[in-house]
Amino acid sequence: MKYPDPRNDRNDLSRYAPDAWPLQTKYGLPGTVVFCRNCVISNQRPNSAIEYKHTTESRKTVIAFNEHGVCDACRNAQRKHAVVDWERRRRELEALCNRFRSRNGSYDCLVPGSGGKDSFYQSWMLKYEFGMNPLTCTWAPHIYTDWGRRNFDRWIHSGMDNYLLTPNGRVKRLLTRLAVENLFHPFQPFIIGQKGFAPAFAVRMGIPLIFYGENEAEYGNPIADNEGARRDYDYFAQAGDEEVYLGGVSVHDLVEHFGVRRADLAAYMPSDPRVLEENGIEVHYLGYYLKWHPQAVYRFAVEHGGFEASPERTAGTYSTYNSIDDRIDDLHYYTTHIKFGIGRASYDAAQEIRSGDIGREEGVALVKRYDGEFPERFAEELFAYLSLPADIFPEAARQFEAPTIDRAYFDALANRFRSPHLWAHDNGEWRLRHAVFQEKHGHHPSEATRSDEYVNP
């Protein structure tokens, strides 16, 4: 049996004892947990990965901290506020638009998005502020939220043409289950489409200029990545499919063992970099040219397009306007809390501290209150989505001792992905060994001698 039922695991809990030593680390994470002096993020935060190469053996690169204990994302934010010449960047954007601008009224740029606040802002600014003729495109979420679908419709009715790709539902379910089982990463099939669909579609439509929103360096990728406007081809292009993995499984094994046809995987496959080069495809971050402030972007989308926030706070955090179009988002951020000790409140609070919307003390309190909360509201629907009934998935179901997922299965599976250096098992309960609200100055004790002052980059 390829995938045994995790409820039957015989876990060696001695590795997670409160006084266990030495402590094993998973995923190549740093063994010492350190929290940023300025925000609430820890040095366990992984950088963006090339998802086509993501397997059970993958090791993470993580957010960098400088000698003063400040993370790259905060240093990047300081550069945005104090160093970058935004007027010059705006002129660069105008020059870029002029270089690609259509002379006959045809589409001259492509804007991928879901209809959230960011994609609304991107397309609106390009069309109405810079006079471009954007075509928008969307890789469909796993399961729309009601308000997410309404926002998608509002986005289109704000004056945008859109192509929506809704990939084969059965294949997407299977890949999502495999991504959960192998990587504890339920969002991977969406991320693959989010990054890969637009470049392939741009070639098909003959539109060489693509705009995404913020650079990943805004949230923790190496600060040097934000020195240029263009996105690296490695995230969405690869020559050949011999070493492509989806859900942590090779394309060969998906075809041989899970009843998937190669044609069913076409939408997920990376573009050929040679084809992109031949067609002059350029992928730019609009956030390189325009100063991005997520809350201001949200207010802009409300004012100009009637953007609708979630009627309730998102599970695991306090916010109501970030990443609210897909029901599986809730589960995704819960899995990051299990693997890296960083939940959705940590991500949201860190971003709002950097943007100047809240202070660090408030951020720490929000993390303490909400981080790691299990997402109950869509849980049963999501477990049904992740299950593989034999009448629908006859070949794939045979690869699992228990094709059906329920809460007990999911919790047992989660325990496989807990790293002992992050988690302790004490009196029958799991707890983080280190939390930003427990450490002096937000640091591991070994880091307490560092200066309390926030140092500009």
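The values are calculated or read from the model by the stated rules, or taken from the named source; none is laboratory data. Worth saying up front: this structure is predicted, and the values here are computed from it rather than measured. In this analysis, Cβ positions are derived from the backbone assuming ideal geometry, glycine residues included, and neighbour counts consider all displayed protein chains. Protein only, heavy atoms only, side chains kept; ligands, DNA and RNA dropped before computing areas. Shrake-Rupley method; radii C 1.70, N 1.55, O 1.52, S 1.80 Å.
Leu178 passes every criterion in (1) closer than 30 Å to Glu277 by Cα; (2) of a type in the set (A, V, I, L, M, F, W, C); (3) in a helix (DSSP H, G or I); (4) in contact with a strand residue (DSSP E or B) (Cβ under 8 Å, 6 or more places away or on another chain) apart from (1).
For the residues Leu29, Leu23, the requirement of being aliphatic (A, V, I, L, M), modelled with pLDDT of 95 or more and open to solvent by less than 20 Å² (accessible area, probe 1.4 Å) singles out Leu29.
Matching residues to (1) out of contact with any Leu (no Cβ under 9 Å at 6 or more places or on another chain); (2) among the β-branched types (Val, Ile, Thr); (3) touching a residue at least 60 places away in the same chain (Cβ under 8 Å):
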{"position": "Asp330", "(1), (2), (3)": "no, no, no"}
{"position": "Ala345", "(1), (2), (3)": "no, no, no"}
{"position": "Arg354", "(1), (2), (3)": "yes, no, yes"}
{"position": "Glu361", "(1), (2), (3)": "yes, no, no"}
{"position": "Val364", "(1), (2), (3)": "yes, yes, yes"}
{"position": "Glu381", "(1), (2), (3)": "yes, no, yes"}
{"position": "Leu388", "(1), (2), (3)": "no, no, yes"}
{"position": "Ala396", "(1), (2), (3)": "no, no, yes"}
{"position": "Glu401", "(1), (2), (3)": "yes, no, yes"}
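Tell me, please, whether a residue that is open to solvent by less than 60 Å² (accessible area, probe 1.4 Å), closer than 22 Å to Val33 by Cβ, among the aromatic types (Phe, Trp, Tyr) and in contact with a helix residue (DSSP H, G or I) (Cβ under 7 Å, 6 or more places away or on another chain) can be found in segment 393-404. Checked against the condition, which is being open to solvent by less than 60 Å² (accessible area, probe 1.4 Å), closer than 22 Å to Val33 by Cβ, among the aromatic types (Phe, Trp, Tyr) and in contact with a helix residue (DSSP H, G or I) (Cβ under 7 Å, 6 or more places away or on another chain), segment 393-404 yields no hits at all.
Identify all residues within segment 407-437 that are within 23 Å of Asn182 (Cβ to Cβ), in contact with a Leu (Cβ under 8 Å, 6 or more places away or on another chain) and assigned to a strand (DSSP E or B); write none if there are none. Within segment 407-437, Trp423 is the sole residue that qualifies. Looking at segment 385-400, can you tell me whether even one residue there is among the small types (Gly, Ala, Ser) and farther than 22 Å from Leu175 by Cβ? No, every residue in segment 385-400 fails to be among the small types (Gly, Ala, Ser) and farther than 22 Å from Leu175 by Cβ.
The residues of segment 97-117 that are touching a Pro at 6+ places or on another chain (Cβ under 8 Å) and of a type outside the set (A, V, I, L, M, F, W, C), listed by number, are Tyr107, Asp108, Ser114, Lys117. You will find that of Tyr288, Tyr318, the residue that is modelled with pLDDT under 95 and either among the aromatic types (Phe, Trp, Tyr) or over 19 Å from Gln194 (Cα atoms) (or both) is Tyr288 and no other. The residues on offer are Ile210, Ile192, and the sole one that is surrounded by 20 or more Cβ atoms within 10 Å (Cβ to Cβ), in a strand (DSSP E or B) and touching a residue at least 12 places away in the same chain (Cβ under 8 Å) is Ile210.
Among the residues of segment 325-336, those that are under 18 Å from Arg369 (Cα atoms) and open to solvent by 20 Å² or more (accessible area, probe 1.4 Å) comprise Tyr333, Tyr334.
It is to be established whether one or more residues within segment 410-425 are of a type in the set (Asp, Glu) and open to solvent by 10 Å² or more (accessible area, probe 1.4 Å). Yes.
Scanning segment 308-320 for residues that are in contact with a Lys or Arg (Cβ under 9 Å, 6 or more places away or on another chain) and open to solvent by less than 20 Å² (accessible area, probe 1.4 Å) turns up Thr314, Ala315, Gly316, Thr317, Ser319.
Within segment 46-78, the set of residues being among the charged types (D, E, K, R) and within 26 Å of Lys291 (Cα to Cα) comprises Asp72, Arg75.
For segment 339-361, a residue qualifies if it is of a type outside the set (Gly, Ala, Ser) and touching a helix residue (DSSP H, G or I) at 6+ places or on another chain (Cβ under 8 Å), and the qualifying residues are Ile342, Arg344, Tyr347, Asp348, Gln351, Glu352, Ile353, Arg354, Asp357, Ile358, Arg360.
Does segment 34-50 include one or more residues that are modelled with pLDDT of 95 or more, in contact with an Asp or Glu (Cβ under 8 Å, 6 or more places away or on another chain) and either of a type in the set (Val, Ile, Thr) or part of a helix (DSSP H, G or I) (or both)? Scanning segment 34-50, I find at least one residue that is modelled with pLDDT of 95 or more, in contact with an Asp or Glu (Cβ under 8 Å, 6 or more places away or on another chain) and either of a type in the set (Val, Ile, Thr) or part of a helix (DSSP H, G or I) (or both), so the answer is yes.
Scanning segment 227-272 for residues that are in contact (Cβ under 8 Å) with a residue 60 or more places away in the chain, in a helix (DSSP H, G or I), within 30 Å of Arg89 (Cβ to Cβ) and open to solvent by less than 70 Å² (accessible area, probe 1.4 Å) returns a single hit, Tyr235. Residue under question is Arg37, and the condition is that it be open to solvent by 20 Å² or more (accessible area, probe 1.4 Å), farther than 30 Å from Val244 by Cα and in contact with a Ser or Thr (Cβ under 9 Å, 6 or more places away or on another chain); does it hold? The answer is yes for Arg37. Answer with yes or no whether Ala349 is at pLDDT 95 or above and crowded, with 17+ Cβ neighbours inside 10 Å. So Ala349 fits the description; yes.
When segment 273-297 is filtered for residues that are among the charged types (D, E, K, R) and buried (at least 16 other Cβ atoms within 10 Å of the Cβ), only Glu282 remains.
Listed by position, the helices (runs of 4 or more DSSP H) inside segment 53-132 whose residues that are of a type in the set (S, T, N, Q) number at least 2 are 72-82, 117-124.
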